[in-house]
Amino acid sequence: MRKIIKINKPIGITPLQAIDKFRKENLKYRDIKIGIAGRLDPMAQGVLLLMIGAETKNRDKYLSLDKEYEFEVLFGVSTDTYDALGIIKSFNFKIANSSKLLKNNIKKFIESKIGKQFQPYPPYSSKEVNGKPLFQWAREKRLGEIKIPTKEIEIYNFELLEIKQIPSKKIKKRIFENINQITGDFRQNEILEKWEEFFEKNAPQTFTVAIFRISCSSGTYVRSLTNEMGEEIGYGAIALDILRTKVGEYKLKTNTKIK
């Protein structure tokens, strides 16, 4: 029996739900202990490592492995989760008329992020503070009562692959399809209502979207980087799609470029 199994987690499920799905599809592992080596958000997809049986005791070894991602950023809007599975906080679409300036500002941001730095955990994450996950503090609107912890990370390589314009109808379809795949309690109904209102009243005809590739140390939150990029550039940004292409030497076999 293999010690480590690499799976391609789809959008819409948590890592624990991915384990349940794996057990149902591979009955010989039904009664075997399985652990995960690093989380992957419900709205993210890609490489997830499953530790089988006694290999779960070596979790720290796998947690420390470097990661690679390709991710798509939607500019002009920000949410409380830093991705599409969140409540919209602000929007600004003047960016559509300043693509050259945007590209220059993105390049400056990328250059500033290469190397070691301390990154705050996103408010909607499972990191515990005083015995309670951050997302619980956020839902209770009590983040002001705590200090959000930080983690030292390192970014080895960070590339801008493409900037493009996508019609609003296509963006709406993608967001709604992805959120509708989510199971569990992630405020989906409230979030979908807010997005529906946004697309009816405030959305532009086209959105500016950029695709990036990054290699980084374990513990790096791509959606936090996306939010920080939006804040520094001044337009807001969310992670529209996150694809983890590699964990250590474990990588996807298929074409990994986000379309």
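The values are calculated or read from the model by the stated rules, or taken from the named source; none is laboratory data. Values in this document were obtained by computation on a predicted structure and should not be read as measured data. We place every Cβ from the backbone using ideal geometry, glycine too, and count neighbours over all the protein chains shown.
Tabulated results
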{"read-out": "Qualifying residue in region 206-227 (condition: over 19 Å from the mean Cα position of the chain (by Cα), more than 18 Å from residue 82 (Cα to Cα) and either outside the structural domain of residue 100 (by TED's automatic domain parsing) or without any contact (Cβ under 8 Å) to a residue 60 or more places away in the chain (or both))", "value": "no"}
{"read-out": "Selected residue (criterion: surrounded by the most Cβ atoms within 10 Å (Cβ to Cβ)) from residues of region 108-138 that are assigned to a helix (DSSP H, G or I) and touching a strand residue (DSSP E or B) at 6+ places or on another chain (Cβ under 7 Å)", "value": "137"}
{"read-out": "Qualifying positions in region 154-179 - in a helix (DSSP H, G or I), free of Cβ contacts under 8 Å to residues at least 60 places away in the same chain and either within 29 Å of residue 107 (Cβ to Cβ) or in contact with a helix residue (DSSP H, G or I) (Cβ under 8 Å, 6 or more places away or on another chain) (or both)", "value": "168, 170, 172, 176"}
{"read-out": "Residue in region 185-206 that is touching a Lys or Arg at 6+ places or on another chain (Cβ under 6 Å) and surrounded by 16 or more Cβ atoms within 10 Å (Cβ to Cβ) present", "value": "no"}
{"read-out": "Residue match in region 23-42 (condition: under 30 Å from residue 177 (Cα atoms), buried (at least 20 other Cβ atoms within 10 Å of the Cβ) and out of contact with any strand residue (DSSP E or B) (no Cβ under 8 Å at 6 or more places or on another chain))", "value": "yes"}
{"read-out": "Boolean, residue 97 is of a type in the set (S, T, N, Q), surrounded by 14 or more Cβ atoms within 10 Å (Cβ to Cβ) and at pLDDT below 95", "value": "no"}
{"read-out": "Residue match in region 77-89 (condition: at pLDDT below 95 and either buried (at least 18 other Cβ atoms within 10 Å of the Cβ) or in contact with a strand residue (DSSP E or B) (Cβ under 8 Å, 6 or more places away or on another chain) (or both))", "value": "no"}
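The rows are residues; the columns are (1) closer than 15 Å to residue 225 by Cβ; (2) not assigned by TED's automatic domain parsing to the domain that holds residue 247.
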{"position": "57", "(1), (2)": "no, yes"}
{"position": "73", "(1), (2)": "yes, no"}
{"position": "84", "(1), (2)": "no, no"}
{"position": "107", "(1), (2)": "yes, no"}
{"position": "111", "(1), (2)": "yes, no"}
